[in-house]
Every structure is written in structure tokens, then in C-alpha cells.
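*Asks:* To start, I am sharing the structure in question, which I have written as C-alpha cells.
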Amino acid sequence: MRKFSLIVLIVLFFTTLLSVDHLASGFTYRPYLAKLYWLKGKWSRVNAGIEHIETWRVVKDSLLEGESYYTKSNSKPATDKLMIRWERGELFFYKQSAESSKIVRYKNILLTESLAVFENRENDYPNKITYRRIDTRSYQVIYDNNENTNQRKYSFKLVSKR
């Protein structure tokens, strides 16, 4: 009976080791879209009398949709379409400029509770877009192009319009 118990313990021990090893080697970084729900709402900034507005809404647990536009009066001009989407186990940011029908896709390379960095090295400008939460009422957007010799960086802060 002791021999049987010992064999069972040894089998359980090795089975557990194999399971843990399998889990550890199969683990991949999976950002969750809920970490970006702080974007939800209407945000703005005013510069030289022109208001920049960015709005975000949660469509479903795998999709955030937004738009970005500039306005001098109450009329709504051409709008950039924005989307953050969880697809096939990865997080992507899509931007379609108002001037072009071209949609540019950026892959998430870093995501925390207050920071999201998306990158597309093949895009001319920007090839990196960062959303950084400052507090519950504001966040910063950084457009960056640090891959080429003509380095450009543009940053702005948006404040909640609640």
C-alpha cells in the first residue's frame, strides 16, 4: 500500500510540474481593452481660438470608437475616425484621416492603467501614438516619429467636457 501511495504521489508531482511548465511557456501578454475605458467621453482643448474635440465610446468589450475634429464655431468640420480594437489576441489602434480614405493601423506595444502606446513603423508620420492619462479629467496624446532622421514630436492635452 505504501508503494502504491508513493507511485501516485510521484505521478501527481510530475503531472503538476508538466502542467505548470506548459502554462508558463504558453503565457502571452494580453492587454485588456477595459484598461482604456477612461477614454470614454468628450474631451477638448482650445488653441488660438480653435477647439479640438475628441470623443470616445465603448461599443462592446472588444471595441472603442472615437472621432477627432477641429471647430471654430458650432459647425462640425471633417472628422478623423478613430478605433481601438481587440482582435485575434492583440490590441490595435486605427486612424482614418478626414483628408484621406486611407486607414492606418497601429499595434499596441505597451498598455497599463494610465498609458497606451501604439506603433506602426511603416507609417511616415506619426509612427507612434501614445495616450497618457494624467488624471480623471485629462489625458495627453503624443504623435511621434523617432524612426527617421527628421524627428517630429507633437503633444497636446485634452480635458473632459463633462
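Just so it is clear, none of the values below were taken in a lab; they were calculated from the coordinates. What you see is a predicted model, and the numbers here were worked out from it, not measured in a lab. Note: ideal-geometry Cβ built from the backbone for every residue, glycine included; neighbour counts use all protein chains shown.
*Asks:* Within the stretch 111-144, list the trypsin sites (Lys or Arg not before Pro) lying in a DSSP loop whose Cβ has at most 13 other Cβ atoms in a 10 Å radius.
*Replies:* Passing sites in the stretch 111-144 are Arg121, Arg137.
*Asks:* Still on this structure, I have one more. From zero up to wherever the largest Cα-Cα distance of the stretch 34-96 sits, split into 10 Å bins and tell me the percent of pairs in each.
*Replies:* 21, 47, 25, 7, 0
*Asks:* Indicate the gyration tensor shape class of the stretch 33-160 (rounded, prolate or oblate), computed on the Cα atoms with a ≥ b ≥ c the square roots of the eigenvalues: a/c under 1.5 is rounded; otherwise a/b larger than b/c is prolate and the rest oblate. Mind dumping the intermediate values first?
*Replies:* Values: a/c = 1.38, a/b = 1.12, b/c = 1.23.
In terms of gyration-tensor shape, rounded.
*Asks:* Let me spell out the model: positive unit charges on the Cβ of Lys and Arg, negative unit charges on the Cβ of Asp and Glu, origin at the Cα centre of the stretch 33-160. What dipole size does that give, in debye rounded to 20? Mind dumping the intermediate values first?
*Replies:* On the way: 23 positive and 16 negative charges, 50 e Å.
It comes to approximately 240 debye.
*Asks:* Next question, about the same structure. Quick one: of Lys60/Lys81; Lys60/Lys153; Lys72/Lys95, which pairs are farther than 28 Å apart, Cα to Cα?
*Replies:* Lys60/Lys153
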